[in-house]
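Since the structure comes first, as structure tokens, the remarks are kept for the end.
Here, each number is a calculation from the coordinates, and none is a lab measurement. Bear in mind the structure is a predicted one, so any value in this text is a computation, not a measurement. When we count neighbours, we look across all protein chains shown, and the Cβ atoms used for this are built from the backbone with ideal geometry, even at glycine.
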Amino acid sequence: MAEHRESIRSPFLTNISLRPERASPHDHPFTIPAFQNLAIDLVSPVTFLVGENGSGKSTLLEGLAQAIGFGAYGGSRDHAVEVSSGEKGLGKALKLGWRHKVAEGFFFRSETFFSFANRLELAGSDFGSYGGRSLLEQSHGEAFLALFQHRFKRGLYLLDEPEAALSPQRQLAFLRVLHSLAVSGVAQLVVATHSPILLSYPGASIISLDGGVRTVAYEDTAQYRITRDFLNAPGRFYQHLFHDMDNE
């Protein structure tokens, strides 16, 4: 594991905080605990965001995408899924610190990925940067991997639940792509995920947004602990989960 850590380079984006004058404490998303006194230091080219649904992972990535100039619903500076002007509040309130500012990159949002793919299709793209085959002619998992393997090269990449359509085997394939980017010295990734497979990547920083912002070890994440405990004793979980139903 030490070898992996030594080979990973410094990130481009180094910290994320809020401009207090642009963050209303009474309006969404600033009422989410993670956005109160938000301060995140990015110390690795690979940073994972974890937390329960509603903790602010996707919201933070959307705000980052807005602040950097990507589409808030997915895409790059050149091809983006449009967002209404009324949904840009967080992007304007974020304060970003850079070691070296980059404009290249991509915001991958699993929920709106095929809206992005459809825009490429309507624009008559030859899909040369995506493996040479229409993303709409592939399964979700195939299209996701085609994007990761062929489109991601240099810049800042924001990924919201990239595992959504990936089988466990293809999550391992994605880890290979992630590692190739991480050690290249020309790419940085910030990834929101629920996957214990992805979170296992050596040398990555893991930041929990549950109830605030804190750095956690892989073995301390709920994703790891619940998966481990379930696989070790699924019957114990069933007994608890189904107890009330069996007694009806």
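Ranked by the mean number of other Cβ atoms within 10 Å of their residues, highest first, the peptides 144-155, 102-113, 161-172 come out as 102-113, 144-155, 161-172. Across the alpha-carbon set of segment 143-184, the Rg to Rh ratio works out to 0.93, Rh being the Kirkwood radius. When only Cα pairs below 8 angstrom with a gap of at least 6 residues are kept, the chain shows a relative contact order of 26 percent. Each principal axis of the Cα cloud of the chain was evaluated for its coordinate range; sorted largest first, these ranges are 57, 46, 45 Å.
Looking at the P(r) of segment 130-243, how many percent of alpha-carbon pairs lie beyond 17 Å?
Roughly 62 percent, once rounded to a whole number.
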